[in-house]
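The values are calculated or read from the model by the stated rules, or taken from the named source; none is laboratory data. Not measured: the values here are computed from a predicted model. Neighbour counts run over all protein chains shown; Cβ positions are idealised from the backbone, glycine included.
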Amino acid sequence: MLQGRFHFYEGYSMKEVVFPIYVLKALGVETLILTNACGGINEHYQPGDIVLIEDFINMVWINPLIGINDEEMGPRFPDMSEPYSFDLIHKVKALDPTIQEGIYAHFSGPYYETRAEIQAAKIMGADLVGMSTVPETIAANHAGLKVLAFAVVTNMATGIQKVKHDHHRVVEMANQAAIRLEKLLLELLENLT
């Protein structure tokens, strides 16, 4: 289990952001379960909801596979038709039939997105918005890992919520949802073994 991650907005290169994924592959890991805190674009969500990510939109326009490819790590052009394992998503849905699914839009941050950016993401089909997870997902698929990702909606996105963003409130909502997410993850892990 890894705790935390490197973020692109912290000044790390994309290769540095995803380095831990390739370490996990080298250690024999076959399944990667990611979590994040994010904003909700879909108005059926509310802060505190846990959402399964079913697909992503990379709004950063850069990805960790750009550059020389190491064939030992994965193919030059990996398939992204199933970035998040349908099998794992179905297993989670069997444990919690009420859990929602959504499409995650990845922005670089470290600012909360503008109303126009959120509107563009919404038009493209995004339900969630955040500043992580997608580089790791791309690298994990490249490395041949099965991926599952949970997003904790900590706030509604700009233009959806009517108040300004408060990072302390975001952290508070993430901490509240962590207990439910931990319970769900433990149940899932018991069912995977």
Query raised in the report: Could you list, in sequence order, the residues of region 10-37 that are among the β-branched types (Val, Ile, Thr) and surrounded by fewer than 19 Cβ atoms within 10 Å (Cβ to Cβ)?
Result: Val23, Val29, Thr31, Ile33
Query raised in the report: Of the residues that make up region 182-191, is at least one assigned to a helix (DSSP H, G or I), polar (S, T, N, Q) and surrounded by fewer than 20 Cβ atoms within 10 Å (Cβ to Cβ)?
Result: yes
Report task. Please list, ordered by first then second residue, the pairs with beta carbon atoms under 8 Å, 6 or more apart or interchain, first in region 39-52 and of a type in the set (Asp, Glu), second modelled with pLDDT of 95 or more and surrounded by 14 or more Cβ atoms within 10 Å (Cβ to Cβ). Result -> Glu43/Met156; Asp49/Gly40; Asp49/Gln100; Asp49/Val152; Asp49/Val153
Query - Selection status of Ile118, touching a residue at least 40 places away in the same chain (Cβ under 8 Å), out of contact with any helix residue (DSSP H, G or I) (no Cβ under 9 Å at 6 or more places or on another chain), under 18 Å from Val60 (Cβ atoms) and part of a helix (DSSP H, G or I) - result: yes
Query raised in the report: Can you tell me which residues in region 143-193 are among the hydroxyl-bearing types (Ser, Thr, Tyr) and modelled with pLDDT under 90?
Result: Thr193
Query raised in the report: Does Ser108 fit the bill of being of a type in the set (S, T, N, Q), in a loop (DSSP other than H, G, I, E, B) and touching a residue at least 40 places away in the same chain (Cβ under 8 Å)?
Result: yes
Query raised in the report: Among the candidates Thr137, Thr154, which residue alone is in a helix (DSSP H, G or I), among the hydroxyl-bearing types (Ser, Thr, Tyr) and touching a strand residue (DSSP E or B) at 6+ places or on another chain (Cβ under 9 Å)?
Result: Thr137
